[in-house]
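See structure below.
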Amino acid sequence: MQDNDEYEVDLRDYLHVLWEGKWIIIFTFLVAVATALALSYSTPKQYQTQTSLLLLPPLSTEVGGEVTGTVFSPETYKRLALTGDLLQDVINQVYPKGGGATVDSLRSHIKIDVEQTAAKDFPGRFPLYLTMTVSGTDPEKLPLLAQAWAKKFTERNSQLFLSRTAQSYDYIKQSFDEVEKSLLAKENDLTLYQQKNPEPVMQATVTALQDEYTSYLQQLPDEMLQLTDQQARLSSLKEALSTQPEHFTVARGLSRQALWNFLAAGVSSQKIDSLPSLSIQDQVLNDTYVNLQQEVSDTEATVKGLQASVEYLQSKADQTRKAFEEKQGQLVAIQAQLDKMNRDIKVLDGTYTSLSNKLQQAKIAQVETPDPIRTVEAPLVPSRSIAPNKKMNLAVAGVLGLFLGTLLAFFAHYVQSGKDTGPGSSQSLDGEDPNKVSNKATPDDKSNLY
């Protein structure tokens, strides 16, 4: 009973101290509550929204039927979700005119949580659930930020979660387009080249020139042989002509008529005596000479004609040969160019066929592969603010105010008691006589206990 009585005395002393410092406690409580109210109403309201993505790991069937695919660590996904360029793209989309948040401030208001849906060992081939939570003072902008983030994250990282075949689609498609473009260009070049340089026409021209040249070569020996014969004949004719006189001289006497005419004219006797020695010489044209001369002329004309024919044939043969060689060279160049262009087209066609098959495989792989990133929770406009929590702030401020007021009350009592128990004071801690307090502590004197 003695311990209980002492406990009751001590508790009453505490209550007495609290009662004496009730105004200090009340004042401290009111100040704390007022401060909490002021801070609650002066602090901007904070709102929060979130969006969730389901990340599907890449699954592909490799040679041998083995299914492969891995996922990254949660920290990797968090880093991918908070990269500076990604957040800058989000800011540029939501605030196209500028004046929005910075990358660092936006990163400080974003929280990323990664949860595996069904996996015991990590990494594994199981979907991951990624939640992005963004907070801020503008409730209308928060969903836009979350939507822009989800869109940019999906665009940037979808390729990371595709199979190797599906990932190669863009590269194969680009290579396929380039090869297709080159193949069409080569085919167009071949068509234009064939139109400008028709090989059949050139081949026919070369054949015609070859036949013409052969004909000239065949005619030239005959003409040259005839020319040689005619030249030999001309030489013989000229030699024979040189042995023949052009005229023959024929001597004869007076004709009977001339004689009678002479006598009738009264010729003297002296003239008559000279008549027997009188003779007349006539020149007669040599027919052989004339015939030979005619043959020489004819033969010379024939020789000139044959010489002209031989010269013409030789000239035409040379011209035809040059034209034939030129056209044949052009034909060889055309055929070589056509062969080269056909080889290039054949190579491109083989590459085109191979890339076409691979492109179809990659396209099928993309179709068969589900979307690697799916939005499973769209962000909503927050209807309630998450901060400041006025009730919680008031409750905490009230408790802290009471606690601090109590400490201040005890401290004030301690200070006051120190003044009362100073030198010359006979009062105890509770204001009573020290002897009475001492009597209370004496166990034998029960009449002085409460």
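The values are calculated or read from the model by the stated rules, or taken from the named source; none is laboratory data. For clarity, every value in this text was computed on a predicted model and none was experimentally measured. Positions of Cβ are backbone-derived with ideal geometry, glycine not excepted, and every protein chain shown enters the neighbour counts.
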Show the residue pairs that are 6+ apart or on different chains and have beta-carbon atoms under 6 Å apart, the first residue being within segment 34-47 and more than 18 Å from residue 108 (Cα to Cα) and touching a residue at least 24 places away in the same chain (Cβ under 8 Å), the second being small (Gly, Ala, Ser) and part of a helix (DSSP H, G or I).
36/397
In segment 75-118, residue farthest from the chain's Cα centre (by Cα) [restricted to those that are surrounded by 12 or more Cβ atoms within 10 Å (Cβ to Cβ) and part of a loop (DSSP other than H, G, I, E, B)]:
109
What is the residue count in segment 188-209 for residues that are of a type outside the set (Ser, Thr, Tyr) and in contact with a helix residue (DSSP H, G or I) (Cβ under 6 Å, 6 or more places away or on another chain)?
6
Out of segment 120-171, which residues are at pLDDT 85 or above, over 18 Å from residue 55 (Cβ atoms) and out of contact with any strand residue (DSSP E or B) (no Cβ under 9 Å at 6 or more places or on another chain)?
140, 141, 144, 148
Counted residues in segment 183-204 being buried (at least 16 other Cβ atoms within 10 Å of the Cβ), at pLDDT 90 or above and not charged (D, E, K, R) come to 2
List every residue pair whose Cβ atoms sit under 7 Å apart, with the two residues 6 or more apart in sequence or on different chains, where the first one lies in segment 337-359 and is touching a residue at least 12 places away in the same chain (Cβ under 8 Å) and the second, anywhere, is surrounded by fewer than 17 Cβ atoms within 10 Å (Cβ to Cβ) and among the acidic types (Asp, Glu).
338/199; 341/189; 345/187; 352/180
